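Remarks on the structure that follows.
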Amino acid sequence: MPVRPGALTLYYPKYIPGDHSPDGPIADMMGLEITGGGQRIAWRRDAVDMFTFHVTVPAGVERIDITFQFPAPDRITPNLMGLEWNCVALYQAGYPTKVQIYQPTLVMPADWHYASALKTEESSGGRTTFQPVPFNTLVDSPVIAGKYFREIDVTPPGSSVHRSLDMVGDDAAALDISDTQLAGYRQLVEQAQALFHSHHYRNYHFLLTLSDYVSRGGLEHHQSSDDRARGGTQMFADPAHFMLDASLLPHEYTHSWNGKFMRPAQLWQPDFETPEHAQMIWVYEGLTVYLGDMLTARSGLWSPETWRQVVAYRAANMAHRPGREWRPLIDTTIAAPLTYGSTTAWANWRRQTDFYREGELLWLAVDMKIRTLSHDRRSIDDFAQRFFGVDNGSFATHTYTFKDLVSALNAVQPCDWAKFLQNWLDGTGDHVPLLSGIDASGWRLVYTDQPSAYQQAHENVGEGELSRQGVDQMFSVGLFLSSGGKVEDVLWNGPAFKAGFAPGMQLVSIDGHAYSTQALRSGIVEAHQDRQPLRMTATNDGVTQTYTVDYDGGLKFPHLVRIPGTIDYLQQILAAKPLHSGS
């Protein structure tokens, strides 16, 4: 690193774009050594901001070398790796990251292949040097690499802008995508183009890791994604896994427009040290959930029925969120760094990252309001094209404020959007029209005694809507349980709550029958038939006790059903659109 003699402050990246939290993994950094002019140079961590290091550069030293180690067991296996550059670099304070130029080099096994939005300068014998880039671009350009690698061109016919699906896996079988699945990803690129009428990247790489041994999830980047399938090696092989993972790539791809190109002003900062303010994450994430899920259906990765099952389950979760009585949605955005790291115990009362799921319901309501006020002449598609379609081909970040958002909505369809949005964001309880978008779309949320295929997939193979796998009976007795019967969450003031249940307990039996998912559901059915309370035995901190749960409402699983005599707007929303002739 080029330096000048005297005081020098170095930062380890703290606020990672897309994480919305000061969660740079500095706790795992080790072995830090700084040298210059043939000698070791002392460093001191700041006592308050522990992402900061203070150094005094000796006279005559114009360059320092910085070395340290970063173990990444959740991103590296014997056969693959995912590299996030923010984990392995320091940068200088006092300068925007966009003016600090880095040239990255990556060494890996010689028989591995790799993919990244970074441009390669040279590669030989397992050593790859990329072209120099600003530090903010480096952090925004992860690399995946592995022994089992596959690159598939998903560029639309006639386009000069390259898009590719790049995959690494634990074995060759993990990369075996079907023709139908691949067609869906090709249609995703086309349907995104039809929606936004623009692109904001030089080229785009869908970076997908298919492993049973790495962390799961996704992170958006401007010219690539970093997707780690929740289904691991089974994503393409098993229909239930694919159902749960199908929206992952569309979501992160949508972020190239919403969140990377267009970003709330306070979520853009000149470096990774300055705090981000997440008040408008309900747009950054909530609108991306709505548009990303919509593209998942339009591209054929989900059927319209699956989309409805997803929205029904999320809407039911939010409808059984008594925490909405005291905590407005806007507070979950302001406190995003806390809500991202919170536990699932009492999540329904405390609330979590509800700006994703409730945000989707909010933007469905916006879409329906545009459609009804314009007498079906305009929709959220018009807003997406107008708001995200500017400066086609440019990937310089644009920022916006609440006022800008309201102005753009009014340009599409005049309405008191500021009042509508503020009422939803600041309101609590029934003051928020939670299901208004669903009702206006010609559908209604109902509960039956049969779970949807989507909810069954979560219970059997998935991690659940709250990143947990288990048995969801929140809509009946008010319990969410691990597959083994451990109580993960209890509906505040629900039947199980009133009986004395709390998270952390372990169910032992239901009406004298040893606990199993079937025993629980059979007990709920019998209670409905004979109108008798359930007797549920559980252990808690070494004490075994029987609890009487006064509930006879039967099994309840959420679904959307048509409202007779109304227009089916969801059919219009989820239908594939004519392709845009742009790049």
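The values are calculated or read from the model by the stated rules, or taken from the named source; none is laboratory data. Note that the structure is predicted; figures quoted are calculated from it, not measured. Because the Cβ atoms are built from the backbone with ideal geometry, glycine has one as well, and the counts that use them run over all protein chains shown.
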Quiz item: Are any residues in the stretch 307-351 β-branched (Val, Ile, Thr) and out of contact with any helix residue (DSSP H, G or I) (no Cβ under 6 Å at 6 or more places or on another chain), and if so, which ones?
Solution: Val311, Ile334, Thr343, Thr344
Self-check item: Qualifying helices (runs of 4 or more DSSP H) (wholly inside the stretch 323-375; at least 2 residues being touching a Ser or Thr at 6+ places or on another chain (Cβ under 9 Å))
Solution: 329-334, 336-339, 354-373
Quiz prompt | Single residue of Thr296, Thr344 found to be farther than 23 Å from Gly427 by Cα, surrounded by fewer than 23 Cβ atoms within 10 Å (Cβ to Cβ) and touching a residue at least 40 places away in the same chain (Cβ under 8 Å) | solution = Thr344
Quiz item: Among all residue pairs at least 6 apart or on different chains, which show Cβ distances below 9 Å where the first residue, located in the stretch 424-451, is at positive phi and surrounded by fewer than 19 Cβ atoms within 10 Å (Cβ to Cβ) and the second is of a type outside the set (Val, Ile, Thr) and outside any helix (DSSP H, G or I)?
Solution: Gly429/Trp326
Exercise. Having 1 or more residues that are under 23 Å from Met318 (Cβ atoms), outside the structural domain of Pro304 (by TED's automatic domain parsing) and out of contact with any Pro (no Cβ under 9 Å at 6 or more places or on another chain) is the bar; report the strands (runs of 3 or more DSSP E) wholly within the stretch 449-541 that clear it.
Key: 471-473, 479-481
Quiz item: Among the candidates Gln39, Gln92, which residue alone is closer than 24 Å to Pro2 by Cα and in contact with a Ser or Thr (Cβ under 8 Å, 6 or more places away or on another chain)?
Solution: Gln92
Practice problem: Among the numbered conditions (1) part of a loop (DSSP other than H, G, I, E, B); (2) free of Cβ contacts under 8 Å to residues at least 12 places away in the same chain; (3) surrounded by 15 or more Cβ atoms within 10 Å (Cβ to Cβ), tell me where Gly565 comes up short. | Solution: (3)
Practice problem: Residues being of a type outside the set (Asp, Glu), under 23 Å from Ala145 (Cα atoms) and either under 31 Å from the mean Cα position of the chain (by Cα) or in a loop (DSSP other than H, G, I, E, B) (or both): count how many of those fall in the stretch 32-78. | Solution: 10
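Rundown of residues vs (1) farther than 30 Å from Glu305 by Cα; (2) under 24 Å from the mean Cα position of the chain (by Cα); (3) at pLDDT 95 or above, yes/no style:
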| position | (1), (2), (3) |
| --- | --- |
| Gln469 | no, yes, no |
| Phe497 | yes, no, yes |
| Gly504 | yes, no, yes |
| His513 | yes, no, yes |
| Ile524 | no, no, yes |
Quiz prompt | Qualifying residues in the stretch 549-561 (those that are surrounded by 14 or more Cβ atoms within 10 Å (Cβ to Cβ) and more than 27 Å from the chain's Cα centre (by Cα)) - the one farthest from Thr372 (Cα to Cα) | solution = Val549
